[in-house]
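A short worksheet on the structure shown next.
The values are calculated or read from the model by the stated rules, or taken from the named source; none is laboratory data. A quick note: this is a predicted structure, and the numbers were derived from the prediction, not measured. All Cβ positions, even for glycine, are placed from backbone atoms using ideal geometry, and neighbour counts span all protein chains on display. Quick note on the areas: whole protein, heavy atoms, side chains included, nothing else; ligands and nucleic acids left out. Shrake-Rupley method; radii C 1.70, N 1.55, O 1.52, S 1.80 Å.
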Amino acid sequence: MTTPDHQSPASQPPVPTAKDRIYRSPMALLGGVLLLLVVGWLGFDALFKGHGRTPWLALAAMILIVPLVTAFTLRPAVFAGDDRLRVRNPFRVISLPWGQVAALRSGYSNEVVAKSGGKYQLWSVPVSLRARKKAEMRKSRAAAEAARGGEQTRRGLGFGGMGGFGAGGGAGTASGPTRAETDQVMDDLRDLLERRGEAESAQGEVTVRWAYEVIVPALAGAVLLLILLVTG
């Protein structure tokens, strides 16, 4: 019995697709966890040790606050794949094929602009003006040190090439990145858009889904809290 030297295309194992790059804010995650711990501690303390209407008020407040804290801290994320950009914001999930993305803009906030004209903020990639300022200072310092090192090199060559050691010592670079982290993320997304914007598999329609799993509990907690306050 003979065995074939090659498999037919139908029997070939599927080529694994590249995993999405996920961008989230570490500070938002940390802040969200801490806030939830505080809300849980205070809420359960009032729930089990409170008297009269206090447990009910604590329950309603927790039903309202926990989804909102989760929505604005733990939930936001940007998923960048080969075919589409998926933006998970506090109350919406926007899926944009790369072929429908017109631009990725950075100003006081980072946002994606669809060819249809829609603009969607990237909540998980916040702009930090302070980080930008620090990155610009490091960039300027690195440029100054490079210029100073080049000047020392030229002086060394003027003395018969004996100044190489001094030139090397003066050409240090500023420590740290010369680009703010979120600006670098936007550069990566723009590079992906440039490479995949015309791909056949990256075409389609923009879809927007409301996060009812966040909205409904928050509304329920708000209504319950309002009823308790009005009837109290």
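For the range 217-232, 3J(HN,Hα) computed residue by residue from phi via the Karplus equation (6.51, -1.76, 1.60; θ = phi - 60°) reads x, 5, 5, 4, x, 5, 5, 4, 5, 5, 4, 5, 5, 5, 7, x Hz, glycine and proline entered as x. Projected label points at Lys119 and Lys49, each 7 Å from Cα along the beta carbon direction, are separated by 4.9 nanometres.
Search the structure for amide H atoms under 5 Å from the amide H of Leu85, placed 1.01 Å from N in the peptide plane, and list their residues when 5 or more places away or on another chain. Those lying under 5 Å, H to H, from Leu85 are Leu96, Trp98. Computed over protein heavy atoms with a 1.4 Å probe, the carbon and sulfur contribution to the accessible area of the range 12-86 reaches 73%.
Each residue of the range 99-107 is assigned a 3J(HN,Hα), and the resulting list reads x, 9, 8, 8, 6, 10, 10, 10, x Hz, derived from the Karplus form 6.51 cos²θ - 1.76 cosθ + 1.60 (θ = phi - 60°), x at Gly and Pro.
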